[in-house]
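Enquirer: Structure below; questions to follow.
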Amino acid sequence: MSDAPAASANPSAAAREAQAWAVLNELPDPEIPVLSIVDLGIVRYVRATEAGLCVGLTPTYSGCPATEIIRGQVRAALAAHGFADARLEEVLSPPWSSAWLSAAGRAKLRAFGIAPPEEPVTSVRALWQSPQVRCPRCASASTERVSEFGSTPCKAHYRCRNCGEPFDYFKCL
Amino acid sequence: MSAPEPGDALRAAQLRYVLRLADTSLVLGQRLGEWVGHAPQLEEDLGLANLALDLIGQARLLLTYAGELEGRGRDEDALAFLRDAPEFLNLTLAEQPNGDFGHTIVRQWLIDTWQLQLYAGLSASSDARLAAIAAKALKETRYHHRFSSGWLVRLGDGTPQSHERMQQALDSLWRFTPELFAADEVDEVVCRAGIAPSLAQLQPAWSAQVDEELRAATLARPPAAPHPWYGKRGVHSEHLGHLLAEMQHLPRTFPGARW
């Protein structure tokens, strides 16, 4: 996470922020439950203010249907841990990038059978080139793209030429 | 920058401008949604549904913002479901029927290439909210364009049959493209205020990209067409009313329905 819990001037505020991060770190993404929403990089900040806790969430894709479910789950989980006053803010800028997926998140994806994004997208051209995607089962680099799109907005569909297994690839954005 | 617009005039133009962007995405997303369960292959079915999802997501962000600019308490749902055709300000191209798969691809590709230029320019808007929405939409549009331009080339440079159908689709849709760059007083006001890029300045890059990709697809660019279409002013082709009837039927029949 780029917005890791920052040391706050106020120790009790810092403790509250750390506690909230710990809660969010346990909250699974509804569509890829092996990932927490923190692994996914969609929790942009947590700020303990006098007016209450403030959490910045960014959607992965504009139309991701899980966004509202995630907001509801965040609100419920924080309320269950004493943050009933938490305020959720939608953060659009900078836009979410698959490069924000944590290292732990990438390892969890692979273990779950989803190939993690290969390279962060830094240019339009990079998006045009097909990345070399490794099979999450047998690690072979001999794979082919079946479809640009998969079971959720954030995934494409691939097949391994070596072991024959079809798999999801978490696409770069 | 010339003399600033009076605040009310600028706000009114800004609202109409945001509604044009929102409605173009919403109507195109609704059209793509009609393919669900009918596309030639499962992969393309998923692809078109995913494009629709992104477009409707972008429309939601824009409509929510439009509702705030308007300040009359209308939210995204009220704007999407409770306006009639003359109040919709989408580009006429977006509402054109799907036709066959190739026709849908040509329509998508024309709008994708336009949105690529538009959102790149709009990412630098003086309106921070619009700039943020555009920067997010731009990333998604790049992926859409990869899909639509990929199919444009595969089908255009495919069999004689697929080539002919793609050329026919291009010939029938090209007449709607002048509207993409025809600036009226709304465009001029928001451009002067630094809210939107100049449409005239976007056109050469769009045109060059279109030519390059048409060449790769072995398709011929149709001759320049006059500009009789005014969807973005609320004057639509006969197709929009039917689309809205389907899209709005449920929320109008059961106001406030939830699931």
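Where a number appears in this text, it was derived from the coordinates with a stated rule and is not lab data. If you're wondering where the values come from, they're calculated on a predicted model, not measured in any experiment. Neighbour counts are summed over all protein chains in view; Cβ atoms, including those assigned to glycine, are modelled from backbone coordinates with ideal geometry.
Enquirer: Could you compute how fast segment A:11-96 diffuses translationally, taking Rh as the Kirkwood radius over C-alpha pairs and applying Stokes-Einstein at 20 °C with viscosity 1.002 mPa s? Give it in µm² per second. Working shown, then result.
Expert: On the way: Rh = 12.9 Å.
Rounded, D is 166 µm²/s.
Enquirer: For chain A, give the magnitude of the charge dipole about the Cα centre (Cβ charges: +1 Lys/Arg, -1 Asp/Glu; no others), in debye to the nearest 20. Numbers along the way, then the final one.
Expert: Numbers: 17 positive and 17 negative charges, 96 e Å.
Taking the Cα centre of chain A as origin, the dipole is about 460 debye.
Enquirer: Quick one: net charge of residue B:76's neighbours, Cβ under 11 Å, K/R +1, D/E -1?
Expert: On the way: positive: B:60, B:74; negative: B:68, B:75, B:77.
Here the count lands on -1.
Enquirer: Relative contact order of chain B, please, whole-number percent, based on alpha carbon pairs below 8 angstrom and at least 6 residues apart.
Expert: 26 percent
Enquirer: While we're here: Rule-of-thumb check for segment B:26-115: C-alpha Rg over 2.2 N^0.38 Å? Spell out each step's value before the answer.
Expert: Values: Rg = 14.1 Å, N = 90, 2.2 N^0.38 = 12.2 Å.
So segment B:26-115 has a normalised radius of gyration of 1.16.
Enquirer: Out of residues 5 or more away from residue B:100 or on other chains, whose amide H comes under 5 Å of its own, with H placed 1.01 Å from N in the peptide plane?
Expert: Residues meeting the criterion, in which the H sits 1.01 Å from N, do not exist here.
Enquirer: Moving to a separate point now. For the pairs B:139/B:232; A:108/B:139; A:155/B:136, flag any whose C-alpha to C-alpha distance is greater than 20 Å. Each step should come with its number before you reach the end.
Expert: On the way: B:139/B:232 24 Å; A:108/B:139 25 Å; A:155/B:136 17 Å.
With Cα atoms farther than 20 Å apart: B:139/B:232; A:108/B:139.
Enquirer: Relative to the compact-globule scaling 2.2 N^0.38 Å, provide the ratio for the alpha-carbon radius of gyration of the protein assembly as shown. If you can, show how the numbers build up before the last one.
Expert: Values: Rg = 22.7 Å, N = 432, 2.2 N^0.38 = 22.1 Å.
Relative to the rule-of-thumb radius for its length, the protein assembly as shown sits at 1.03.
Enquirer: So how do B:60-70, A:105-115 stack up, highest first, on mean other-Cβ count within 10 Å? Each step should come with its number before you reach the end.
Expert: Working: B:60-70: 21.5, A:105-115: 17.8.
Order by mean packing, descending: B:60-70, A:105-115.
Enquirer: Here is a further query. Using just the helices of chain B, give the 222 nm mean residue ellipticity in deg cm²/dmol: DSSP H runs with n ≥ 4 each add -39,500 (n - 2.57), and the total is spread over all residues, rounded to 500.
Expert: Details: 10 runs with 172 residues, N = 259.
That calculation yields -22500 deg cm²/dmol at 222 nm.
Enquirer: Hey, what number do you get for chain A at 222 nm if only DSSP H runs of n ≥ 4 count, each worth -39500 (n - 2.57), divided across all residues, to the nearest 500?
Expert: Details: 4 runs with 45 residues, N = 173.
Result for chain A: -8000 deg cm²/dmol, rounded to the nearest 500.
Enquirer: Then there's this: Near the amide H of residue A:146, under 5 Å away, which other amide H atoms are found, from residues 5 or more places off or on another chain, if H is placed in the peptide plane?
Expert: Close amide H contacts, sequence-distant or interchain: A:157, A:158, A:159.
Enquirer: Once the dipole of segment B:57-139 is set up with Lys and Arg at +1 and Asp and Glu at -1 on Cβ about the Cα centre, which of B:93, B:121, B:78 lies farthest towards its positive end?
Expert: B:121
Enquirer: Quick one: length gained pulling residue A:144 to residue A:75 fully straight, 0.36 nm per residue minus the C-alpha distance? Don't skip to the answer; put the middle values down first.
Expert: Values: separation 69, 0.36 × 69 = 24.84 nm, distance 4.03 nm.
Gain on extension, residue A:144 to residue A:75, equals 20.8 nm.
Enquirer: Taking a cut-off of 19 Å between Cα atoms, list the aspartates and glutamates near residue A:171, but don't count ones fewer than 8 places away on the same chain.
Expert: Within reach: A:29, A:31, A:39, A:118, A:119, A:144, A:148, B:43, B:44, B:45, B:54, B:140.
Enquirer: Further, regarding this structure: Give me the compactness ratio for chain A, meaning the Cα radius of gyration over 2.2 N^0.38 Å. Could the numbers behind the result be given before it?
Expert: Details: Rg = 17.6 Å, N = 173, 2.2 N^0.38 = 15.6 Å.
Output field value: 1.13.
Enquirer: Please give the FRET efficiency for residue B:10 paired with residue B:98, using the beta carbon to beta carbon distance and R0 = 41 Å, rounded to the nearest 0.05.
Expert: On the way: r = 37 Å, r/R0 = 0.91.
After rounding to 0.05, the efficiency reads 0.65.
Enquirer: Output the Cα-based Rg and Dmax of chain B in Å, rounding Rg to one decimal and Dmax to a whole number.
Expert: Cα radius of gyration and Dmax of chain B are 18.0, 57 Å respectively.
Enquirer: Looking at the protein assembly as shown, what % of its DSSP beta bridges pair antiparallel, to the nearest 5? Write out the running numbers ahead of the final one.
Expert: Numbers: 17 of 23 bridges.
So the antiparallel bridges amount to about 75 percent of the total.
Enquirer: Next up: How large is ³J(HN,Hα) for each residue in segment A:151-166, as worked out from phi by the Karplus curve 6.51 cos²θ - 1.76 cosθ + 1.60 (θ = phi - 60°), to whole Hz, x for Gly and Pro?
Expert: With the stated coefficients, segment A:151-166 comes to 6, 9, x, 8, 10, 10, 10, 10, 9, 8, 6, 7, 9, x, 7, x Hz.
Enquirer: Ok, one more. Please report Rg (one decimal) and Dmax (integer) in Å for the Cα set of segment B:201-259.
Expert: 19.2, 50
Enquirer: For chain A, calculate the relative contact order in percent as a whole number, restricting contacts to Cα pairs under 8 Å that are 6 or more residues apart.
Expert: Numbers: 297 pairs, mean separation 30.0, N = 173.
It rounds to 17 percent for chain A.
Enquirer: Work out from phi, with θ = phi - 60° and the Karplus expression 6.51 cos²θ - 1.76 cosθ + 1.60, the ³J(HN,Hα) of each residue of segment B:13-21, listed in order in whole Hz, and give x for Gly and Pro.
Expert: 5, 4, 4, 5, 5, 5, 5, 4, 5
Enquirer: Would you work out which of A:55, A:147, A:65 lies farthest towards the positive end of the dipole of segment A:27-173? Charges go on Cβ: Lys and Arg +1, Asp and Glu -1.
Expert: Value computed over the given set: A:147.
Enquirer: Quick one: helix B:101-122 against the long Cα principal axis of chain B, what's the angle to the nearest 10°, folded into 0 to 90?
Expert: 40 degrees
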